[in-house]
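Scroll down for the structure; my scribbles are underneath it.
The values are calculated or read from the model by the stated rules, or taken from the named source; none is laboratory data. Source: prediction; values computed, not measured. Please note: Cβ atoms are built from the backbone with ideal geometry, for glycine as well, and neighbour counts cover all protein chains shown. Keep in mind that these areas ignore ligands, DNA and RNA; they rest on the heavy atoms of the full protein, side chains included. Shrake-Rupley method; radii C 1.70, N 1.55, O 1.52, S 1.80 Å.
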Amino acid sequence: MDPFELRKIGDTDIEVTCFGFGGASMGNMYTVAHDDAALTAIRSAYEAKVRYFDTAPMYGFGKSERLYGKVLKDQPRDSFVLSTKVGRLIVSGKPTPESEETCFVEIDDAYSIFDYSRDGVLRSLEESRKRLGFDKIDIVYIHDPDVNDCFKQALDEAFPTLAELKSQGVIGAIGAGMNQAEMLRDFAKNADFDCFLLAGRYTLLDQIALKELLPLCQQKNISIIIGGAYNSGILATGAVAGAHYNYEPAPPDIMEKTRNIEAVCTRFNVSMKAAALQFPFGHPTVVSNIPGVKTKERFEENLSLFTDPIPADFWAALKAEKLLVAEAPLPNCSNG
């Protein structure tokens, strides 16, 4: 598939490349992202024609946004699409015992607090603009309102605030991003979102989003951006000791399913990483996949994986062995 094909976000004029750049790793996710290597990776992505860059205040408590700003400030603003998120405010100082536990390491001078109020959304965006160095933010996602059950406040306060900003031309599109399909489904039923960032719920290991969320998004023209295509790592590392799934050590059933997928990959000489990145594009709602990296080398590897040829027989074998649900539409072949 063409990683640089442009696909439209909902009913907006915004177009993103199928291969996007995820910013979570830039915030010291699990391990430190060294600034020079991270900046080189971002620069390499832009030079390679990646035109969609996603970040969030939470990613390293501002670090990811600042790194993006250092590179992208040198590029024409209308030459790329930039998204960030609201719902968490960054607080200077040492985390308190009540602070949210995160997977971002070796940052001891800042932490985040939840705030989906109107004032919180406006303050978050203003602070993101300063860290990024841009007034214009193309896509703004409501970030993880499921973590502390903030659905009502996100719908009643955060969404209307973003809708107002969109009507004023301050932002271009409204989204929500989280690691579950159910609350995104409820958002789709109750408000006019342009896109969702769906992390880990439409992958080789988990197709729960296919039951209700993706059909509803197709009906309402809500675009899907795929995050967490490796399910926090296991689809990249394989079923090795210490493999992560959903930000935690992978449980035995996931380890077994991964080993079974690996066996099919071996039989067809297919990279499991390539299959993980390409699989979601079988569904018509999916417009971009945004794997996160810390280095130029890892970015170049992901780019190569996007274009690896994968035979239709491989996908059929996954279905035959019930490793993919029967109704999952497949990339580059028929849906059957």
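Points to keep in mind about this one:
- Subset tally (residues that are farther than 18 Å from ALA276 by Cβ, open to solvent by 10 Å² or more (accessible area, probe 1.4 Å) and touching a strand residue (DSSP E or B) at 6+ places or on another chain (Cβ under 7 Å)) for region 13-32: 2
- Residue match in region 118-129 (condition: in contact with a Phe, Trp or Tyr (Cβ under 7 Å, 6 or more places away or on another chain) and open to solvent by 20 Å² or more (accessible area, probe 1.4 Å)): no
- The number of residues in region 307-320 that are over 12 Å from PHE279 (Cβ atoms) and part of a helix (DSSP H, G or I) comes to 5.
- Selection status of THR40, under 23 Å from SER288 (Cα atoms), open to solvent by less than 10 Å² (accessible area, probe 1.4 Å) and among the hydroxyl-bearing types (Ser, Thr, Tyr): no
- Residue pairs whose Cβ atoms lie under 7 Å apart, separated by 6 or more positions or on different chains, with the first residue in region 100-124 and over 20 Å from ASP35 (Cα atoms) and the second open to solvent by 40 Å² or more (accessible area, probe 1.4 Å) and among the charged types (D, E, K, R), are SER112/GLU100; TYR116/GLU157; SER117/GLU157; ARG118/GLU157.
- When GLY172 is tested against (1) farther than 23 Å from ILE225 by Cβ; (2) in a strand (DSSP E or B); (3) modelled with pLDDT of 95 or more; (4) open to solvent by 10 Å² or more (accessible area, probe 1.4 Å), exactly one condition is not met: (1).
- Exactly one residue out of ASP54, ASP78, ASP35, ASP74 is open to solvent by 10 Å² or more (accessible area, probe 1.4 Å), closer than 27 Å to PHE159 by Cα and of a type in the set (Asp, Glu), and it is ASP78.
Rundown of residues vs (1) surrounded by 18 or more Cβ atoms within 10 Å (Cβ to Cβ); (2) in contact (Cβ under 8 Å) with a residue 40 or more places away in the chain, yes/no style:
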residue: GLU262; (1), (2): no, no
residue: ASN269; (1), (2): no, no
residue: LYS273; (1), (2): yes, yes
residue: PRO284; (1), (2): no, yes
residue: VAL287; (1), (2): yes, yes
residue: ILE290; (1), (2): yes, yes
residue: LYS294; (1), (2): yes, yes
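- Considering (1) crowded, with 17+ Cβ neighbours inside 10 Å; (2) more than 16 Å from the chain's Cα centre (by Cα); (3) at pLDDT 95 or above; (4) not aliphatic (A, V, I, L, M), the lone condition that THR203 does not fulfil carries the number (2).
- Sub-8 Å Cβ pairs linking a first residue in region 144-158 that is open to solvent by 60 Å² or more (accessible area, probe 1.4 Å) to a second residue that is among the hydrophobic types (A, V, I, L, M, F, W, C) and in a helix (DSSP H, G or I), at least 6 apart or interchain, are GLU157/VAL121, ordered by first then second residue.
- Across region 143-169, the qualifying residues are those that are among the aliphatic types (A, V, I, L, M) and not in a loop (DSSP other than H, G, I, E, B), and the one among them that is nearest to TYR247 (Cα to Cα) is ALA154.
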